[in-house]
Amino acid sequence: MRLDKYLSHIGIGTRREVKKLLKEGLVTVNGEVVKRPVHVDPEKDIVEIEGEIIEYREYFYYMLNKPQGYITATKSKGQPTVLDLLYEEPVVDKLFPVGRLDIDTEGLLILTNDGQFAHRISHPKWEIEKEYYAVVKGKVEKDKTETFEKEGIDLENYRTKPFSIEVIKDEDDRSEINITVKEGKYHIVKRIMEKLGHPVIYLKRVRIGNLVLDETLKPGEYRKLSEEELYKLKELVKMKN
Ligand code: URA
């Protein structure tokens, strides 16, 4: 791979900016200053900028605690997008969100540039669980939730996959629940709860498969997935690690 491509892919700068760094003699490959975009082997060669080792990565994976008010898209005409929250990341232009959360939904969102990974996490075939914490109107009755785990329920023209509801708190006018679904259909949780007579007041995704939202992240904050988190997620969707 050409050195300028290597460095611009991982977000060091545009190809032009990278060439400038090279001309200035700031880049070394295996200890030798290189002023032209030579070919490098990302597996073997050691690339440094001003003495700092610059590791190559093809793919990037982040978890974001999505706040309300941001749309899950890469571009938009007026409203801010989730990518606006990662503007400090050099690779932000390459990222896209995995699946979608509504503008007023908070919580766990994965961002990556790995298309196969994103596809598998979101594709219904893999039935990856998505767990949400929700505050809903009315008293959700604990003993009525069992049948959904076997049969799902009918929405207009559509029967959901089986899902489960755990009631955390039930008061007369509102309840707190955890609801786990295995699909990413548009407004799925809101539609299910509306159908059950408990419109959603607040919704937050807390888990995707075996990846749990890092509760130390405040809404709007993000971090890279750890090696372990990524390993386990890839294992879940049968991708090579
Ligand atoms: N279900 C919804 O209704 N909204 C979301 O944002 C996610 C799941």
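The values are calculated or read from the model by the stated rules, or taken from the named source; none is laboratory data. What you see is a predicted model, and the numbers here were worked out from it, not measured in a lab. Glycine gets a Cβ as well: all are built from the backbone with ideal geometry, and neighbour counts include every protein chain shown. Surface areas here come from the heavy atoms of the whole protein model, side chains and all, with no ligands, DNA or RNA. Shrake-Rupley method; radii C 1.70, N 1.55, O 1.52, S 1.80 Å.
When the residues of the range 24-66 are narrowed to those that are in a strand (DSSP E or B) and touching a Pro at 6+ places or on another chain (Cβ under 9 Å), which ends up surrounded by the fewest Cβ atoms within 10 Å (Cβ to Cβ)?
Keep residues of the range 24-66 that are in a strand (DSSP E or B), which gives 27-29, 32-33, 39, 47-49, 52-53, 61-66.
From what is left, the residues that are touching a Pro at 6+ places or on another chain (Cβ under 9 Å) are 64-66.
Working: Leu64: 26, Asn65: 22, Lys66: 28.
Per the criteria, the residue is Asn65.
List pairs: first residue in the range 38-56 and modelled with pLDDT of 95 or more, second residue among the basic types (Lys, Arg) anywhere in the structure, Cβ distance under 7 angstrom, at least six positions apart or on different chains.
His39/Arg2
Quick check on this structure: which one of Leu22, Leu101, Leu85 is aliphatic (A, V, I, L, M), outside the structural domain of Ile201 (by TED's automatic domain parsing) and under 23 Å from Ile188 (Cα atoms)?
Leu101
Can we say Lys185 is open to solvent by 80 Å² or more (accessible area, probe 1.4 Å), within 16 Å of the ligand (Cβ to nearest atom) and modelled with pLDDT under 95?
On the way: open to solvent by 80 Å² or more (accessible area, probe 1.4 Å): yes; within 16 Å of the ligand (Cβ to nearest atom): yes; modelled with pLDDT under 95: yes.
It is true that Lys185 is open to solvent by 80 Å² or more (accessible area, probe 1.4 Å), within 16 Å of the ligand (Cβ to nearest atom) and modelled with pLDDT under 95.
For Thr145, all conditions in the list (1) closer than 28 Å to Gly69 by Cβ; (2) in contact with a Ser or Thr (Cβ under 8 Å, 6 or more places away or on another chain) hold save one; what is the number of the exception?
The single condition Thr145 does not satisfy is (1).
If you scan the range 190-225, which residues turn out to be away from the ligand (no atom under 16 Å from the Cβ) and either touching a Ser or Thr at 6+ places or on another chain (Cβ under 8 Å) or of a type in the set (A, V, I, L, M) (or both)?
Matches in the range 190-225: Val212, Leu217, Leu225.
Please verify whether Thr160 is β-branched (Val, Ile, Thr) and more than 27 Å from Leu83 (Cβ to Cβ), treating the condition exactly as stated. Walk me through how you get there before you give the answer.
On the way: β-branched (Val, Ile, Thr): yes; more than 27 Å from Leu83 (Cβ to Cβ): yes.
Taking the combined requirement at face value, the residue satisfies it.
Output the residues belonging to the range 73-98 that are within 18 Å of Pro219 (Cβ to Cβ), assigned to a loop (DSSP other than H, G, I, E, B) and touching a residue at least 60 places away in the same chain (Cβ under 8 Å).
Once the filter is applied, which keeps residues that are within 18 Å of Pro219 (Cβ to Cβ), assigned to a loop (DSSP other than H, G, I, E, B) and touching a residue at least 60 places away in the same chain (Cβ under 8 Å), the range 73-98 yields only Glu89.
Tell me, which residue of the range 102-125 that is open to solvent by less than 10 Å² (accessible area, probe 1.4 Å) and touching a residue at least 60 places away in the same chain (Cβ under 8 Å) is farthest from the ligand (Cβ to nearest atom)?
Step by step, filter the range 102-125, then rank; the result is Phe117.
Does Asn157 satisfy the condition of being open to solvent by less than 80 Å² (accessible area, probe 1.4 Å) and either in the same structural domain as Gln68 (by TED's automatic domain parsing) or not aromatic (Phe, Trp, Tyr) (or both)?
Numbers: open to solvent by less than 80 Å² (accessible area, probe 1.4 Å): no; either in the same structural domain as Gln68 (by TED's automatic domain parsing) or not aromatic (Phe, Trp, Tyr) (or both): yes.
Criteria not met by Asn157.
Condition first: part of a loop (DSSP other than H, G, I, E, B) and either open to solvent by less than 70 Å² (accessible area, probe 1.4 Å) or near the ligand (Cβ under 8 Å from one of its atoms) (or both). Now tell me which residues in the range 171-182 satisfy that.
Scanning the range 171-182 gives a single hit, Lys182.
Report, by residue number, each residue of the range 151-176 that is in contact with a helix residue (DSSP H, G or I) (Cβ under 8 Å, 6 or more places away or on another chain) and of a type outside the set (D, E, K, R).
Ile153, Leu155, Thr160, Pro162, Phe163, Ser164, Ile165, Val167
Name the one entry in Lys232, Lys150 that is in a helix (DSSP H, G or I) and over 26 Å from the mean Cα position of the chain (by Cα).
Lys150
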